[in-house]
Amino acid sequence: MSRKKSPDIGTNRENSLTELFIKPPRLSSRGKMWSGIGLEQHYLPPGETPEYSLEKFAIAINLGQSFEIERIADRHLEKGLMMTGAVGLCPVYIPQVIRWNRDANILMLSLDDELLSSHALELLDTDRYEMLPHLIAQDTLIYQMGLNLQEHLKNNDSDSRLYVESAANFLAVHLLQNYSIQKALVREYAGGLPKQQLRKVIDYIDAHLTQDISLDAIANYLGMSRYHFSRLFKQSTGLSPHQYVIQQRVERAKQLLRRGKLSIAETAIACGFNHQSHLHRHFKRLTGTTPGNFLNS
């Protein structure tokens, strides 16, 4: 396997993902208002990392062509073929070396320990958890979530913060349920939110529709965890909080367009979208027509 070492950053130390590779990422969520999760996209020549360990749980998603990969972790060698769409799971504090034999287009997700431990407390009745490492795994859900997060980062959508927080929570639960050593407790939240709490949420979203709505802010407003709130809200409405916010922004856009006092660009801003193209995309997806056609109908 041909190898080109990344910069010498020392052995047995804890590193960020960026430090492991020669070139900076082509895409990064650093500096964005992302909570609990980070994203980087790397284009890597054939190479090898120095021995390292990570402070955050990491997921590698192969967006490019297949390549051969080796990992030495705790003196144990693993080899395999990383197919397009495959994922690798890298728990924290495990000394390891990674080698790959071809150019690679890798999407890296990192999750904060606080995010995982808070969900472990709800799912496992303990904030202590242990993730199993996987050199190669086929997980369509993780792959699709990675692509969706990448798209939101590229577009810098006005709804990105709420979507990213929702995705981070869902991903944390998925990992704990499927890749942790501990067995998750099965809990049912029947009936959704009580009517009074649902009304509070709807009023809160309506009052803050033009702002960057945070999942944490809504959950804290109700005094419950993000995971618990998200599940109950979807049971009550059939929509995730993120989907509901987008729906309401489009409904408000329809009202403003009917009044005919604002341009489409002004309507987009008045409804909480970053710009006209965001309104256009979501409006057409939910109504089947464009804002311009709706305005002229």
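Name the shape class, rounded, prolate or oblate, that the alpha-carbon gyration tensor gives for region 60-138, where a ≥ b ≥ c are the square roots of its eigenvalues, rounded holds for a/c under 1.5, and otherwise prolate holds if a/b is larger than b/c and oblate otherwise.
Cα axes put region 60-138 in the prolate bin.
Tell me, what is the FRET efficiency for residue 121 and residue 78 to the nearest 0.05, using R0 = 25 angstrom and their Cβ-Cβ distance as r?
So, using R0 = 25 Å, E works out to roughly 0.20.
May I ask you to derive the relative contact order of the chain, considering only C-alpha pairs under 8 Å and at least 6 residues apart, and to give it as an integer percent?
It comes to 14 percent, rounded to a whole number.
When the Kirkwood radius is taken over all Cα pairs of region 195-238, what Stokes-Einstein diffusion coefficient follows at 25 °C and 0.890 mPa s, in µm²/s?
For the chosen part, D equals 232 µm²/s.
Please state the charge dipole magnitude for the chain, taken about the Cα centre, from unit charges on C-beta atoms (+1 on K and R, -1 on D and E), reported in debye and rounded to the nearest 20.
I would put it at about 1160 debye.
Once each part is reduced to its C-alpha centroid, what is the distance from region 217-269 to region 197-214 in angstrom?
7 Å
If you take the charge dipole of the chain about its Cα centre, with +1 on Lys and Arg Cβ and -1 on Asp and Glu Cβ, which of 88, 46, 156 is farthest toward its positive end?
It is 156, whose Cα lies furthest towards the positive end.
Want the number for residue 228 to residue 105: 0.36 nm per residue separation, take away the alpha-carbon distance, what's left?
Using 0.36 nm per residue and subtracting the Cα-Cα distance, I get 40.7 nm.
Among 248, 35, 290, which residue has its Cα furthest toward the positive end of the charge dipole of the chain, with +1 on Lys/Arg Cβ and -1 on Asp/Glu Cβ?
290
Starting from the Cα-Cα distance between residue 156 and residue 247, subtract it from 0.36 nm times their residue separation and give me the gain in nm to one decimal.
30.9 nm
For a 22 Å ceiling on Cα separation, which of these pairs sit above it: 32/254; 32/284; 254/284?
As for pairs spanning more than 22 Å Cα to Cα, those are 32/254; 32/284.
Along Cα→Cβ, 7 Å out, is where each label goes; now give me the distance between the ones at residue 114 and residue 23 in nm to one decimal.
Those two pseudo-labels are separated by 3.4 nm.
What full-extension length gain, to one decimal in nm, is calculated for residue 141 and residue 284 as 0.36 nm per residue of separation minus the Cα-Cα distance?
48.9 nm
Quick note: the coordinates plus some simple rules give every number you see, no bench work behind them. Please read all numbers here as calculations on a predicted model, not as lab measurements. A quick note on method: Cβ atoms are made from the backbone with ideal geometry, for glycine too, and the neighbour counts reach across all protein chains shown.
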